[in-house]
There are 2 protein chains.
Amino acid sequence: MRWSGDGLVFEGVGARSEPIILDGDAKKGPSPMEALLLSVGGCMGVDIQAILEKGRVPLEALEVELEGQRASSPPQRFLTLRMDIRVKGPDEEQRAKVERAVQLSRDKYCSVFHSLQPDLKVTVAVHLE
Amino acid sequence: MRWSGDGLVFEGVGARSEPIILDGDAKKGPSPMEALLLSVGGCMGVDIQAILEKGRVPLEALEVELEGQRASSPPQRFLTLRMDIRVKGPDEEQRAKVERAVQLSRDKYCSVFHSLQPDLKVTVAVHLE
């Protein structure tokens, strides 16, 4: 993570990846706290996509919307996390499979989610579209 | 966070920010676990930059390198976190101020850091360059 010299804009790379921009002012890229939410969403998304593909559940679109409530005093960490998972492709008969994929990611596989504070209050809703 | 339809590539946006790309294969963007590290680095970086600016400590360059060790079995969460913070600008006489800024971010301000599992083993090294 390297400071750009411009305001609170930082550029970061993974071990062998293209860079991303994070911005403390949340304009030129997500803020670090938004990026934390996005890393949870990406992690859950990757798991869900992989599990549905393995289970031969058709997937046209997948979106994870996340919202966190923060403590009012420093360090203002996340206290709650709400996730809305929107899936297009599976029909109502396949709802159980989609919910099972979400549950597996949340309970067993999602490395990012399990790296967070265990007292975080989490609500997840699955929407078939 | 929206699936691109291409492998494990997801695009995410903050509330009013430019998008970032995360990639489960860690190529077109950082993986979600790398993005988690980058959000810690961005958060600490933003704090350190702001504290040094407030303290009128000259800053030419600031880099946060992060490495995490993961559990070997699912959910393979982070167990350790090592941070190397490289700062260019301050001289040796200002080292205490830089270390104080790092300490303040870590102990008091960094919202991302304090959203992580409290049992994470963390080591931080500050390098003046």
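The values are calculated or read from the model by the stated rules, or taken from the named source; none is laboratory data. Since the structure is predicted, the reported quantities are computational estimates derived from the model, not experimental observations. Counting neighbours? That spans all protein chains shown, and the Cβs are built from the backbone with ideal geometry, glycine included. Accessible surface areas use protein heavy atoms only, side chains included; no ligands, DNA or RNA. Shrake-Rupley method; radii C 1.70, N 1.55, O 1.52, S 1.80 Å.
Couple of notes before you dig in:
- Summarising the rotation from chain A to chain B, the nearest chain A beta-carbon to the axis and its distance in Å are given as A:20, 2.
- Label-point spacing at residue A:50 relative to the other copies reads 3.5 nm, in ascending order, each point sitting 7 Å out from Cα along Cα→Cβ.
- DSSP beta bridges in segment A:54-129 [antiparallel fraction, %, rounded to 5]: 55
- Spatially proximal aspartates and glutamates relative to residue A:108 (Cα-Cα < 16 Å; intrachain offsets below 8 disregarded): A:47, A:99
- Cα long-axis angle, helix A:95-104 against chain A (0 to 90 degrees, to the nearest 10): 40
- Column: log10 I(q)/I(0), Debye, Cα scatterers of chain A, q = 0.14 Å⁻¹: -0.71
- Of the residues in segment A:82-129, those shielded by at least 20 Å² of accessible area once partner protein chains are present, compared with the chain alone at a 1.4 Å probe, are A:108, A:109, A:111, A:112, A:114, A:115, A:116, A:117, A:118.
- Buried area at the B-A interface (accessible, heavy atoms, 1.4 Å probe, summed, Å²): 4700
- Within a Gaussian network of chain A (alpha carbon springs, distance under 10 Å), most fluctuating of A:15, A:61, A:35: A:15
- For the peptides B:118-128, A:112-122, the ranking by packing is A:112-122, B:118-128, with the highest mean count of neighbouring Cβ atoms within 10 Å listed first.
- A point 7 Å from Cα along Cα→Cβ stands in for residue B:97, and the other copies hold the same point at 6.2 nm, listed in rising order.
- More than 24 angstrom apart: percent of Cα pairs within the protein assembly as shown: 45
- Against chain B, whose longest principal axis comes from its Cα atoms, helix B:32-54 is set at around 20 degrees.
- Euclidean distance of C-alpha centroids, segment B:36-74 and segment A:31-71, integer Å: 24
- Inter-copy separations for residue A:125, label at 7 Å along Cα-Cβ, nm, ascending: 4.8
- Summed over the residues of chain B and divided among them, the accessible surface reaches 49 Å² per residue at a probe radius of 1.4 Å.
- Within the listed set A:88, A:108, A:54, the Gaussian network model of chain A (springs between alpha-carbon atoms below 10 Å) gives the highest mean-square fluctuation for A:54.
- DSSP beta bridges confined to the protein assembly as shown are antiparallel in about 70 percent of cases.
- Taking the DSSP bridge list for chain A and keeping only pairs wholly inside it, about 65 percent are antiparallel.
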